[in-house]
Amino acid sequence: MMYAQTTARVEKIPLMTFDEIYQANAGRILNLAYRMTGKKALAHDIVQDVFLKVYQGMDGFREQSQVSTWIYRIALNHIINIMKKEKRLRFFDDRDDESAYRQKAERETVWESELPARADTKMEAAEREKVIRAMMEKLKPKYRLPLLLYRYEEMSYQEIADRLGISLSAVETRIYRARKKLADYLKPWLPYI
């Protein structure tokens, strides 16, 4: 009985089995989830949750967009909801947010004094990126998400607008504000990055 239901659901999405859909999209969703949350275990959980939602919602897929676009939108919505929930939980955390982010970045950063005399440029870039990611976590999701999509997913402003269901000018504004706020967060780190 379960096999018949699975086959009926998959037939709504032409020429692809659920396994093929998963294989084609899971890596990208995992990457997005990790970049948004910064937590590997949570990112893996998100992938599982997203594909459970995809499986359950296959009957509702209207074929007005590509399957990958539909899945990406499900993932974005799910990640945003998780981030909102975490923000509500963080409200009850008595730690100072600024010092917590600074401590996290310090833990993940290799300082110049710890590097060999001739540090590899690639390693320096990776360490710089860790600091930038730690500071990006401080941005509100509505600003962080467009910036992440632009910077890491290499999407155009129009693609971001389409994926998030917002206007092009909203994307431009959000990315501008995200960059400005990120620059403010990074000021104390400039001597080190």
Answer residue from segment 18-60, given it is among the polar types (S, T, N, Q) and more than 17 Å from Glu86 (Cα to Cα) and is nearest to the chain's Cα centre (by Cα) among those:
Asn31
Take the residues in segment 142-153 that are surrounded by fewer than 18 Cβ atoms within 10 Å (Cβ to Cβ) and farther than 16 Å from Glu86 by Cβ; name whichever of them is modelled with the highest pLDDT.
Arg151
Out of (1) at pLDDT 85 or above; (2) over 18 Å from the mean Cα position of the chain (by Cα), the one Gln64 does not meet is (1)
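Yes/no matrix, rows are residues, columns are (1) surrounded by 19 or more Cβ atoms within 10 Å (Cβ to Cβ); (2) of a type in the set (Lys, Arg):
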{"site": "Arg28", "(1), (2)": "no, yes"}
{"site": "Asn31", "(1), (2)": "no, no"}
{"site": "Leu42", "(1), (2)": "no, no"}
{"site": "Phe51", "(1), (2)": "yes, no"}
{"site": "Val54", "(1), (2)": "yes, no"}
{"site": "Phe61", "(1), (2)": "no, no"}
{"site": "Gln64", "(1), (2)": "no, no"}
{"site": "Ile71", "(1), (2)": "yes, no"}
{"site": "Leu76", "(1), (2)": "yes, no"}
Go through (1) free of Cβ contacts under 8 Å to residues at least 60 places away in the same chain; (2) surrounded by fewer than 18 Cβ atoms within 10 Å (Cβ to Cβ); (3) not in a helix (DSSP H, G or I) one by one and return the number of the condition Leu139 breaks.
(2)
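The values are calculated or read from the model by the stated rules, or taken from the named source; none is laboratory data. Everything numeric here is computed off the predicted structure, so don't read it as measured data. Heads up, the Cβs are rebuilt from the backbone with ideal geometry, glycines too, and the neighbour counts pull from every protein chain shown.
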